[in-house]
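Accompanying notes for the structure given below.
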Amino acid sequence: MEFKDYYQTLGVARGADEKEIKKAYRAMARKYHPDVYSGPDADEKFKAVNEAYQVLSDADKRSRYDRFGADWERYQSAPEGDTGDFQQWYTGRAGAPGGQRTRYSYTTSDMGDDANGFSDFFDLLFGSQAGGRGGRDFGGSYAPQPQPRRGEDHEYPIDVTLREAFSGTTRTFELSTADPCRDCGGTGLNSYGVCPTCGGNGSVPRRTKIEVTIPPGVREGSRVRVAGKGSPGRNGGPAGDIYLKVHLRKDARFEIDGHDLRTEVEVPLYTALLGGEVVIETLTGKLALTIAPETQNGRVIRLRGQGWPTTVRGERRGDLLVRVKVVLPTELDDEERTLIQQLAEHRQKAKVGV
């Protein structure tokens, strides 16, 4: 069995990060793809590149591979004649330094490399079908089948006016999503090994437009869930979700206070003194508000059921709290000044009991 240096196969250093490994793989996969490379060893070279990427792009496999680096170094530096077969040397059936090694057991498939698309060296370390279909681990036990994995969730901010949040609205978004790769069925593998179309990710990116309904009554920080529009799952797992995090724009007229709304209405001095009606604006239209005689500046009038929705569909609502702002008259004429002067004198006499 031939020793495999996967780092050398991809042309990267042992300390290469994930981005460097993926970049090197894509370049090598394009170079040696059977549809492009016409050499007699096209299949072997393409399989070797995919196998190297299968190991180095997987954190667990790469960790195992690197963990046994010392054994490979001893194998390479062993006396001539002792390194004819890495499998025999590694499992203790040839002249390994330090005496007989019996710690690892291994049984290869009679079908050879074509059984699963990977070399015997790969099978020795990771199992006869460790490329994603289950099989024997290097300790002799059966490795589990890949478990379905749910796709990742994603969160996006969204600005909503207070009036839109009160009544509910819709938004259309263009998002970066991904679809399962059709060339590998979402597994990340094809007949040659790691699928070059998706780079082993099992999915391909795309842009998509979605229309989202924002329900009535959302608040600052509310999260609106869009099911199944996140990253696709792996190995048959469900897709993740998208969450839209609501930011309410400030409104010039209304302010949310729990389930209530607060607003302000200007009331002429004469109406505040004598009583009457003023028209106020609510989030559902205009209303006539009764002002009692001698209403003081700053008084709060409660209108029940005219506030913020307390249920998702908005069937129940809090109250509208209206603060009175008394507006003093300006640009008085002589007659008005005389009348106000008379009122002031009358109030003064009443106060002193004259």
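Where a number appears in this text, it was derived from the coordinates with a stated rule and is not lab data. Here the structure is a predicted model, which means the values were calculated and not measured. Neighbour counts run over all protein chains shown; Cβ positions are idealised from the backbone, glycine included.
Quick check: pseudo-label points 7 Å beyond the Cα along Cα→Cβ at Q147 and R206, how many nm apart are they?
3.0
State the three equivalent ellipsoid semi-axes of region 277-344, derived from the C-alpha gyration tensor as the square roots of 5 times its eigenvalues, in descending order and whole Å.
Details: eigenvalues 273, 27, 14 Å².
Equivalent ellipsoid of region 277-344: 37, 12, 8 Å, largest first.
Taking amide hydrogens as modeled 1.01 Å from N in the peptide plane, which residues meet the under 5 Å criterion relative to D179, leaving out close sequence neighbours?
When sequence neighbours closer than 5 places are left aside, the close amide H contacts are V204, R206.
Can you give me the long-range amide H partners of L289? Hydrogens built in the peptide plane at 1.01 Å from N, cutoff under 5 Å, separation of 5 or more residues or another chain.
HN-HN under 5 Å from L289: V278, V279, I280.
Quick check: convex hull over the Cα atoms of region 154-248, volume per residue in Å³, rounded to an integer? Before the final figure, lay out the partial values.
Numbers: hull volume 7.7 nm³, N = 95.
Taking the convex hull of the Cα positions in region 154-248, it is 81 Å³ per residue.
When Lys and Arg each count +1 and Asp and Glu each count -1, what net charge do the other residues less than 14 Å away from E155, Cβ to Cβ, add up to? Before the final figure, lay out the partial values.
Details: positive: R223, R225, K229, K245; negative: E152, D153, D241.
In short, +1.
Provide the percentage of antiparallel DSSP beta bridges, counting only those with both residues in region 255-348; round to the nearest 5. Intermediate results must be reported in sequence, preceding the final value.
Working: 15 of 23 bridges.
Of all bridge pairs located within region 255-348, approximately 65 percent are antiparallel.
Can you list, bin by bin at 10 Å, the percent of alpha carbon pairs in region 176-327, starting at 0?
Pairs per bin, as whole percents: 10, 25, 18, 14, 11, 10, 7, 4, 1, 0.
Among R337, R223, rank each residue by its count of other Cβ atoms within 10 Å, from fewest to most, as a rough exposure measure. List each step's numbers first, then the result.
Values: R337 10, R223 13.
Going from sparsest to densest Cβ surroundings: R337, R223.
Amide H to amide H, which residues 5 or more places from R323 or on other chains are under 5 Å from it, using H placed in the peptide plane?
Distant-sequence amide H within range of R323: T263, E264, V265, I301.
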